[in-house]
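> Below are the structure tokens for one structure; questions will follow.
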Amino acid sequence: MNKIKIVYWSGTGNTQMMADKIAEGVNAAGKTAEVLVVDDVTAGDLQDDQAFALGCPSMGVEQLEEGVMEPFMMDLEGELSGKQVVLFGSYGWGNCEWMEDWVERCEKAGATVIGGEGITCLGEPDGDTNDELLNAGKALAEA
Ligand SMILES: Cc1cc2nc3c(=O)[nH]c(=O)nc-3n(C[C@H](O)[C@H](O)[C@H](O)COP(=O)(O)O)c2cc1C
């Protein structure tokens, strides 16, 4: 698979910046990143992809965004078995419980979360987070 999808929801652009950085890592590793807003993707679009990234900030009370991302995840859960995923998202003030829950949910559905945990950042990604995101993109390209 030469194309690697990076599917995300972002309200104010922070998680979008994270998606773009993962894409840079994918492209640097010689594959082609497709950065897609979750509104434009169905779970079925990922059926044939063995490795991809999913991004969403902490919304609600430590939850995925409920209008689009949560229904997308509910559809995707049945198709995650055996897949490798990078999870990422920005947060504002919480303890990253939303990401821990998301990792657990994907693992229960049979996916491997690359790196063993999600990539989180307070607000917009800084230098260290950008390095982590680049490396995640490279790992995805090699998955
Ligand atoms: C409706 C709403 C609910 C939020 N709930 C949480 C929360 O439970 N925990 C948290 O850490 N941040 C929360 N945030 C803050 C966002 O996660 C944070 O602003 C993040 O950087 C937004 O990412 P984005 O720019 O990709 O939309 C919330 C923001 C909004 C608008």
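The values are calculated or read from the model by the stated rules, or taken from the named source; none is laboratory data. Predicted model only: the values in this text are computed from it and were never measured. As a convention, Cβ positions derive from the backbone with ideal geometry for all residues, glycine included, and neighbour counts pool all protein chains shown. For accessibility, only protein heavy atoms count, side chains too; no ligands or nucleic acids. Shrake-Rupley method; radii C 1.70, N 1.55, O 1.52, S 1.80 Å.
> Quick one: in region 84-97, of everything that is surrounded by fewer than 23 Cβ atoms within 10 Å (Cβ to Cβ) and within 13 Å of the chain's Cα centre (by Cα), which residue is nearest to the ligand (Cβ to nearest atom)?
In this case the residue turns out to be LEU87.
> For region 65-75, check the following and say yes or no: at least one residue is open to solvent by 70 Å² or more (accessible area, probe 1.4 Å), more than 15 Å from VAL7 (Cβ to Cβ) and assigned to a helix (DSSP H, G or I).
The answer is no; no qualifying residue exists.
> What are the residues in region 21-57 that are closer than 17 Å to PRO71 by Cβ, out of contact with any helix residue (DSSP H, G or I) (no Cβ under 6 Å at 6 or more places or on another chain) and assigned to a strand (DSSP E or B), if any?
Listed by number, the residues that qualify are LEU36, VAL37, LEU54.
> Right, here's the next one. Need pairs with beta-carbon distance below 7 Å; first residue in a helix (DSSP H, G or I) and within region 7-20, second within 6 Å of the ligand (Cβ to nearest atom) and of a type outside the set (Val, Ile, Thr); sequence gap 6+ or separate chains.
Listed pairs, sorted by first residue: ASN14/PRO57; ASN14/SER90; ASN14/GLY123; THR15/PRO57; THR15/SER90; GLN16/SER10; MET18/SER90.
> I'm trying to understand the selection: among the residues of region 10-46, which are more than 19 Å from GLY137 (Cβ to Cβ) and either open to solvent by 70 Å² or more (accessible area, probe 1.4 Å) or within 15 Å of the ligand (Cβ to nearest atom) (or both)?
GLY11, THR12, ASP39, ASP40, THR42, ASP45
> Provide a single number: the residues in region 98-125 that are among the polar types (S, T, N, Q) and within 13 Å of the ligand (Cβ to nearest atom).
1
> Moving to a separate point now. Please determine whether any residue of region 46-60 is under 12 Å from the mean Cα position of the chain (by Cα) and without any contact (Cβ under 8 Å) to a residue 24 or more places away in the chain.
No, region 46-60 contains no residue that is under 12 Å from the mean Cα position of the chain (by Cα) and without any contact (Cβ under 8 Å) to a residue 24 or more places away in the chain.
> To continue, here is another question. Exactly one of (1) within 26 Å of ASP126 (Cα to Cα); (2) among the charged types (D, E, K, R); (3) open to solvent by less than 50 Å² (accessible area, probe 1.4 Å) is unmet by ASP49. Its number?
If we test ASP49 against (1) within 26 Å of ASP126 (Cα to Cα); (2) among the charged types (D, E, K, R); (3) open to solvent by less than 50 Å² (accessible area, probe 1.4 Å), just (1) comes out false.
> Scan region 127-143 for residues that are within 16 Å of the ligand (Cβ to nearest atom) and either open to solvent by less than 30 Å² (accessible area, probe 1.4 Å) or at pLDDT below 95 (or both) and jot them down.
THR129, LEU133
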